[in-house]
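Colleague: Handing you a structure now.
Every number here is computed from the coordinates shown, using simple stated rules; none is lab data. In this text the structure is predicted, and so the values were computed from the model without any measurement. Methodologically, a virtual Cβ is constructed for each residue, glycine included, from the backbone with ideal geometry; neighbour enumeration extends over all protein chains shown.
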Amino acid sequence: MALCAAAAFFLQPFNAASQPEQNNGISISVQPERVEQGSVVMISLVYPEAAGTSCSWNSRTFPLFTDASGRAFGFVPIDMDHAPGAQRLSVSVKNAEGITAAREVSFEIIAKKFPEQHITLDESKVTLSANDLERHNRERAQVEAMFAASQPRRLWSDAFLQPVQGRISTPFGVRRFINKQPRNPHSGIDIAAPAGTPVRAASAGIVCLTGEHFFAGKSVYIDHGHAMFSMYFHLDTIDVQNGQSVTQGEIIGRVGSTGRSTGPHLHWGMRLYDTPVDPLSLLALFE
Ligand SMILES: [Zn+2]
C-alpha cells in the first residue's frame, strides 16, 4: 500500500456500502450478516496500514485483533434478548501516524425462538436454605469479581474447539420455568458424555477460577483475555490450578455430574464482554 493512497484514504470520509466494503485498500466484512439473538458476529478488516482498530455497537466498544496475515478481526456478542432489526456498527481505524477514521457497516439481528422447559418440583426442593443461599451468593460474587479482572491482552490462539464431543442434550438459551416461575435462561450448552471423558480447553488462556460451586459443581473458568471467558461445569475432577496457563486442547478436567446435575454431561459456556453467547455460534465462525 503506497503512502499517498493511505493519506487519501484517511482524508476522505468513509461511505456506507454493501459488504464486504472496499475503499482505498480497506475491506470490512461482517459474518454472518444476519445473526440470531444469542450468537456472535465476527468483524473482519483488511487494511495493511492500520496500526490500531476497534469497533463499536450499541454504545459499547470491542477490540479488534490482528492475525499473521495482517487481517484485523473481532467479535461482537448479541444478547439473547436484544431486539431484532437492522443494526449499524462503527469501525475505527488508526494508521501509523495516529490518524483515526471511522466507517459504518450494517448487519441484521434476527429473532430466535428459544425452547422453553417447564419443570414442576416440590417447593422444598426449589427454595434454598439460608445456608445454601448464602453459599450461592458468595460464589456468585467471587465469579463476578473474576469476570471483572480479565487480562488486558489476547491469550487465545486462532480458533476455538468444542471441549468434549457428544450429543447436545440442552441447547443454549433454553428458557426455564420451575413451578411456572421463570429462571435464568440456559447460559451455555450441555454436552452428554460418559463420566470421566477428558474435557479440553476451548482455546489458550489462563485458568482464572476453579472450585466446587453449589449449582455448577466442580468448575473451571478460563480467561482468554479482553473479557473473553470459557467455563466448564459439573466436572468429576479438576486437573488444573488457578493461575495456570493452558494451551488449546489441553485436558483441564473430566466429565462428571457434580452440583445441580441429573447425569454426566459437560456444561460449556462462553462469555464475551459480559454477554453469554451460544458457544456453537462462535465455533461456526471458524469453520
Ligand atoms: Zn447446562
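Colleague: Length gain on complete extension for the stretch residue 71 to residue 262, per 0.36 nm per residue less the alpha carbon to alpha carbon distance?
Modeller: Residue separation times 0.36 nm, minus the Cα-Cα distance, leaves 64.3 nm.
Colleague: Aspartates and glutamates near residue 180 by alpha-carbon distance under 15 Å, same-chain residues fewer than 8 away left out - which ones?
Modeller: Within the straight-line limit of under 15 Å, residue 180 reaches these aspartates and glutamates: 116, 122, 123.
Colleague: I would also like to ask the following. Counting each DSSP H run of 4 or more residues in the chain as -39500 (n - 2.57), what helix-only mean residue ellipticity at 222 nm follows after dividing by all residues, to the nearest 500 deg cm²/dmol?
Modeller: Taken over the chain, the calculation gives -3500 deg cm²/dmol.
Colleague: Would you calculate the separation in nanometres between label points at residue 177 and residue 128, each defined as 7 Å from the Cα along the Cα-to-beta-carbon direction?
Modeller: Reported label-point gap for residue 177 and residue 128 is 2.3 nm.
Colleague: Which order, highest average first, do 183-194, 93-104, 133-144, 220-231 follow once you tally other Cβ atoms within 10 Å for each residue and take the mean per peptide?
Modeller: Ranking the peptides 183-194, 93-104, 133-144, 220-231 by packing returns 220-231, 183-194, 93-104, 133-144.
Colleague: Taking the mean number of other Cβ atoms within 10 Å as a proxy for protection, how do you rank 280-287, 212-219, 81-88 from highest to lowest?
Modeller: Ranked from most to least packed, the peptides come out as 212-219, 280-287, 81-88.
Colleague: I need the Kirkwood Rh of the chain: take the reciprocal of the average 1/r across all distinct C-alpha pairs and report it in angstrom.
Modeller: For the chain, inverting the mean 1/r across all distinct Cα pairs yields 20.5 Å.
Colleague: At residue 195 and residue 286, where each label point lies 7 Å from the Cα along Cα→Cβ, what is the point-to-point distance in nanometres?
Modeller: 3.1
Colleague: If amide H atoms are built 1.01 Å from N in the plane of the peptide, which residues on other chains or at least 5 residues away come under 5 Å of the amide H of residue 255?
Modeller: Those qualifying (amide H under 5 Å, at least 5 residues apart or on another chain) are 196, 197, 199, 236.
Colleague: Along each principal axis of its Cα atoms, how long is the range 116-284 end to end? Whole angstroms, biggest number first, please.
Modeller: Extents along the principal axes: 46, 32, 27 Å.
Colleague: Starting from the Cα-Cα distance between residue 29 and residue 212, subtract it from 0.36 nm times their residue separation and give me the gain in nm to one decimal.
Modeller: Details: separation 183, 0.36 × 183 = 65.88 nm, distance 4.19 nm.
Contour length minus the Cα-Cα distance gives 61.7 nm.
Colleague: Residues with amide H under 5 Å of residue 36's amide H, sequence separation 5 or more or different chain, H placed in the peptide plane at 1.01 Å from N; which?
Modeller: 110
Colleague: Same structure again: So for the range 160-224, what are the equivalent ellipsoid semi-axes in whole Å, largest first, each being the square root of 5 times an eigenvalue of the Cα gyration tensor?
Modeller: On the way: eigenvalues 110, 49, 31 Å².
For the range 160-224, the ellipsoid semi-axes come out as 24, 16, 12 Å.
Colleague: List every residue whose amide H lies under 5 Å from the amide H of residue 228, counting only residues 5 or more places away in sequence or on a different chain, with H placed 1.01 Å from N in the peptide plane.
Modeller: For residue 228, the qualifying residues are 273.
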